[in-house]
Every structure is written in C-alpha cells, then in structure tokens.
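Read the structure below first, then the notes.
The values are calculated or read from the model by the stated rules, or taken from the named source; none is laboratory data. Not measured: the values here are computed from a predicted model. Every residue, glycine as well, gets a Cβ built from its backbone with ideal geometry; the counts of neighbours run over all protein chains shown.
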Amino acid sequence: MLNGIADRGKVSRRGTWISTASESRGLIHTMSRFLKTLAAPVVIAALLLPGQSALHAQGSAGKKKAETPACGPRVWIEYTDDDPDYFIIKNRSARGWSLEMIAFDLSQSAGRLVFDPDTGGAGVGGASEFMPDSNSSIRLIGTVPAQDGGRTLSLQFENFAESRDYTFYIDLDATPSDGGRTWVLPADMAGTRVLAAFRGPTGQTDRVDAMFNANAEADSGAGGCV
C-alpha cells in the first residue's frame, strides 16, 4: 500500500507522505492501475501513440546514446551499484512537459534482479531501504513501494519539470541461476522496463516506455525528433 497518511510535506525514509485518506485511496488506485500495465507488453503497446513501437527506446546494442533535444516527453534513467545503490531519473522532455509518475519492472532483467529493502528478508544481503532525494525541489508525493524480493516500484511526483533530475536509493540484488549475489553488474540491468507518465504544456497527458541496456541506462527517446 501507499506509504503513510499524515501531514502534507512530511518526509519519511520511504517517501513523502500525503495529506488525507481520500487522497491516498485515489493515488493508490491510480498508481496500481499504472503498475499493472507493466505486466503485459500488449497493454504497454496499446498505450503508445500511433507509430511508436512497444519498446521504442531500448537503445542499440548497449551503446550510450547522446542526450539530444526532445520534441515531447522524454525520460532518461541511470542505475549505479554502490553503497547504497541508486537511480537517477532525468526529465529530458521538451519545454512544458512534467514527469508525474514512473514505474520500474525488474521481472525481465538479465540478472533476475530483485529489490532488497529489508534486512533478513528475501534479498541476498546488504539491504538498503528506499530513500528519496531529500535535497531536491521535486516533490515525491507517493510510492507503491518495492516489496523485499519484489520486482516492481512506482513513484509519483510534483514539480518534476523538464531538465530536472531526481535521485533515489534502494538496494538491488542479482539472483541468476548460478546463485544470488549482492552486487549488480551494468549488464544485469538489461531488460528492466520503465513506464513514465507526463503532463504537457497544455494539460495533455502522455506515456512513454524505456528499457535498460547493458550500460544500466534507459532512454525513452527524443519523441517526434527521431
């Protein structure tokens, strides 16, 4: 369930809390529906605009792509194995596009990755719980949290305008067939899927998808520019 119902703006180590029970129920419903789209590639394809492929942003053979200007919504994500592990979400959209929601799905990752937020749980070891970026002007207003040993995580934002970056921390473990390990190689991230929802300059909404490559990067592409 969504983490916490308390005074607006109060931040816990697992996310920013929201103000009312009504708001939390609405957010849970919206984000749960959003996450379910990750479970079926056919559904993801149906959400895309005509002419987009179901996974139009996979990257080519793991090569790093330049951050060329976008003509619409665009998200770029980088993962780094560290202590703790962390993700950087970059809104590289055209002017006026705000990132409102993003969901991660590790189920197709090459390293059979899992989230490991709890010590002694389903992860391999060296757990680190979800920690939001406390120094960012971007406001995290809710999460559908990663379960220990789970493969999905969803975040909802306010004020995530174009050209801004957001960092969050959470431990990932690899569980390949030859045994689990606490470190994650860049190639282990390949196949991890991301779905992001945006609001445009005139209030229109759009969704883009991306897939992590062997460099532990995902880029939804530059929209109509390419």
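One table, with the values for the structure above:
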quantity: Residue check, Ala222 small (Gly, Ala, Ser) and at pLDDT below 95; calculated: yes
quantity: Candidate set: the range 65-81, residues that are farther than 14 Å from Met189 by Cα and modelled with pLDDT under 95; chosen: the one surrounded by the fewest Cβ atoms within 10 Å (Cβ to Cβ); calculated: Ala66
quantity: Residue check for Ala196: aliphatic (A, V, I, L, M), in contact with an Asp or Glu (Cβ under 7 Å, 6 or more places away or on another chain) and touching a residue at least 60 places away in the same chain (Cβ under 8 Å); calculated: no
quantity: Search result, residues across the range 144-171 that are in a loop (DSSP other than H, G, I, E, B) and under 30 Å from Cys71 (Cβ atoms); calculated: Asn159, Phe160, Ala161, Glu162, Ser163, Arg164
quantity: Residue in the range 137-154 that is closer than 12 Å to Ala103 by Cβ, aliphatic (A, V, I, L, M), at pLDDT below 95 and crowded, with 22+ Cβ neighbours inside 10 Å present; calculated: yes
quantity: The lone exception for Ser154 - which of (1) in contact with a strand residue (DSSP E or B) (Cβ under 7 Å, 6 or more places away or on another chain); (2) on the phi > 0 side of the Ramachandran plot it fails; calculated: (2)
quantity: Check on Gly191, at pLDDT below 90 and out of contact with any Cys (no Cβ under 6 Å at 6 or more places or on another chain); calculated: no
quantity: Elements of type strands (runs of 3 or more DSSP E) contained in the range 172-220, each with 1 or more residues being in contact with a Lys or Arg (Cβ under 8 Å, 6 or more places away or on another chain) and surrounded by fewer than 19 Cβ atoms within 10 Å (Cβ to Cβ); calculated: 205-211
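Every residue, every condition in (1) under 25 Å from Gly221 (Cα atoms); (2) basic (Lys, Arg), yes or no:
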| position | (1), (2) |
| --- | --- |
| Lys90 | yes, yes |
| Ser93 | yes, no |
| Gln108 | yes, no |
| Gly111 | yes, no |
| Ile141 | no, no |
| Leu153 | yes, no |
| Phe157 | yes, no |
| Phe160 | yes, no |
| Phe168 | yes, no |
